[in-house]
Amino acid sequence: MLKMLLSVLALSSLTVGCATILNEDYQKINVATSNNKEVKGNVDGIPFTAPSIVSVKRSKADKILILDSNSCAKQTLLASQVDTKFFINILSGGTFGSTTDYATEKMWKFQESVVIPCN
């Protein structure tokens with residue numbers, strides 16, 4: 001019984017990725033405007049008001065903040081990048097964990113804050 005329990009624990013540790021465990025499905029990003037004025041917009045069709053903290057779903061694809069403002073840029077890019085937590089799997093030999101991180105898209109992150117350029 002103990003051998004079986006240890007085997008299950010060992011197998012589960014190989015198949016779970018660090019980023020999958022440590023990262024949420026959504027990432028919070030501080031969105032501000034260069035003139036500190038309030039603007040409305042959306043990302044992935046979800047409305048937001050800035051300055052505020054906006055939640056975006058982690059993904060490999062870049063995100064675009066689309067704004068409803070004449071005084072600010074109409075679009076601002078959130079570039080997707082690999083989260084450094086993903087490399088812990090590579091260094092520790094966790095091929096299966098790395099695959100899990102990739103499949104769940106939790107290995108990706110966006111910058112923690114973005115300033116929307118305004119006039």
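The values are calculated or read from the model by the stated rules, or taken from the named source; none is laboratory data. No experiment lies behind these values; they were computed from the predicted model shown. Positions of Cβ are generated from backbone atoms using ideal geometry, with glycine treated the same way; all protein chains shown enter the neighbour counts.
Here is how the numbers come out for the structure above:
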{"read-out": "Candidate set from the range 58-81 (those that are in contact (Cβ under 8 Å) with a residue 40 or more places away in the chain and more than 18 Å from Thr33 (Cα to Cα)); member that is surrounded by the fewest Cβ atoms within 10 Å (Cβ to Cβ)", "value": "Lys60"}
{"read-out": "Selected residue (only one of Tyr26, Tyr102 is at pLDDT below 95, touching a strand residue (DSSP E or B) at 6+ places or on another chain (Cβ under 6 Å) and aromatic (Phe, Trp, Tyr))", "value": "Tyr26"}
{"read-out": "Checklist (1) at pLDDT 65 or above; (2) exposed (fewer than 15 other Cβ atoms within 10 Å of the Cβ); (3) of a type in the set (Val, Ile, Thr) applied to Thr15, failing item", "value": "(1)"}
{"read-out": "Residues of the range 24-58 satisfying the condition of being on the phi < 0 side of the Ramachandran plot and either outside any strand (DSSP E or B) or among the basic types (Lys, Arg) (or both)", "value": "Glu24, Asp25, Lys28, Ser34, Asn35, Lys37, Glu38, Lys40, Pro51, Lys57, Arg58"}
